[in-house]
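The values are calculated or read from the model by the stated rules, or taken from the named source; none is laboratory data. Since this is a predicted model, take the numbers as computed values, not measurements. Using ideal geometry, Cβ is built from the backbone for each residue, glycine included, and neighbour counts are taken over all protein chains shown. These area figures cover heavy atoms from the full protein model, side chains too; ligands, DNA and RNA do not enter into them. Shrake-Rupley method; radii C 1.70, N 1.55, O 1.52, S 1.80 Å.
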Amino acid sequence: MTVVLLGFMGAGKTTVGKILAHKTNREQVDLDQKIVETINMPIAEYFDKYGVEAFRKLETQVLKEHMDFPGIVSPGGGIILERENQNILKEMPLVVYLQTNLDELLSRINQDNDNDRPLVHDKAIEEIKDIYLPRVPLYEEIADYIIDTTDKTPEEIADMIIEIEGD
């Protein structure tokens with residue numbers, strides 16, 4: 001079964017996805033990584049060269065290619081911004097929103113030192129908040145399950161998803 005992990009950047013989609021894949025003997029695919037492999041450049045560079053709209057089209061294409069992926073799908077945090085992606089995600093078997101409060105996300109993003117986060121690179125907290133807040137209701141609407149990740153390890157979150165799958 002395909003399991004999609006939704007959430008803002010820093011929510012743990014890739015980390016939890018890898019652990020979940022290992023625990024369930026399935027593959028995990030990070031859609032942003034697939035995009036990087038396709039475009040042969042960092043996402044931030046692609047944003048600068050071609051813009052957000054071109055990136056969102058690529059993101060939709062890669063999501064469509066993984067609709068029937070028999071494993072764990074970890075898309076980028078902005079995947080839910082496009083109506084077409086919302087419709088695709090609603091058709092997928094299991095969508096889990098890794099809900100994380102903004103303070104925790106900011107802490108994780110700062111610790112990550114990943115310069116390939118073009119929407120938050122060199123942005124003030126208020127600017128990141130303005131990106132984050134409109135997405136929350138979209139994540140909640142699309143998700144079949146919401147897991148509050150506060151004070152939980154990635155392993156605990158993966159175990160919770162395994163329990164959900166077993167139900």
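Look at region 85-113: where a residue is surrounded by fewer than 19 Cβ atoms within 10 Å (Cβ to Cβ) and a partner is among the aromatic types (Phe, Trp, Tyr) and at pLDDT 80 or above, sitting 6+ places away or on another chain with Cβ atoms under 6 Å, you get LEU102/TYR132.
When GLY10 is tested against (1) open to solvent by 20 Å² or more (accessible area, probe 1.4 Å); (2) closer than 24 Å to TYR132 by Cβ, only condition (1) is not met.
Can you pull out every residue in region 52-83 that is more than 16 Å from the chain's Cα centre (by Cα) and either under 19 Å from ALA11 (Cβ atoms) or open to solvent by less than 20 Å² (accessible area, probe 1.4 Å) (or both)? Within region 52-83, none qualify. Annotation: of all residues in region 141-167 being β-branched (Val, Ile, Thr) and either assigned to a loop (DSSP other than H, G, I, E, B) or free of Cβ contacts under 8 Å to residues at least 40 places away in the same chain (or both), the one that is farthest from ARG83 (Cα to Cα) is THR153.
Among the candidates THR38, THR15, the residue that is assigned to a helix (DSSP H, G or I), β-branched (Val, Ile, Thr), in contact with a helix residue (DSSP H, G or I) (Cβ under 6 Å, 6 or more places away or on another chain) and open to solvent by 30 Å² or more (accessible area, probe 1.4 Å) is uniquely THR15.
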